[in-house]
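Comments concern the structure below.
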Amino acid sequence: MIVVNGQIVEGIYKEKLKTSKSRRRIPIIKVLLSYLKNQFKLTGNLNSYVFLTPRSQKHYHGSGKIREQIWVKALKKANVPYRNL
């Protein structure tokens, strides 16, 4: 289960979410667990966020960079039509 209880806005963590429905629990598929555990091996010891930028090893400052640098490329590579992140 992924628990959303905060957000990063322009590089700053905020507990106050945009709407009350933004605070939520998201079920995850079992296949994803092994990938998250492997990712934790890479970034978990840094006492940081799960996903860090490859070059600076700092957290992403917003979804824009993730969408531009990772999401859109991954969708194109998988030949999947664009969908929201």
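Any read-out appearing in this document is the output of simple, stated calculations on the displayed coordinates, not a laboratory observation. Quantities reported herein were computed from a predicted structural model and do not represent experimental measurements. So basically every Cβ, Gly included, is an ideal-geometry build from the backbone, and we count neighbours across all protein chains shown.
A few notes on this one:
- Search result, residues across the stretch 51-79 that are aliphatic (A, V, I, L, M) and surrounded by 14 or more Cβ atoms within 10 Å (Cβ to Cβ): LEU52, ILE66, ILE70, LEU75
- Filter pass, VAL80 being of a type in the set (A, V, I, L, M), outside any helix (DSSP H, G or I) and without any contact (Cβ under 8 Å) to a residue 12 or more places away in the chain: yes
- Number of positions in the stretch 6-43 that are without any contact (Cβ under 8 Å) to a residue 40 or more places away in the chain, closer than 22 Å to GLY62 by Cβ and part of a strand (DSSP E or B): 6
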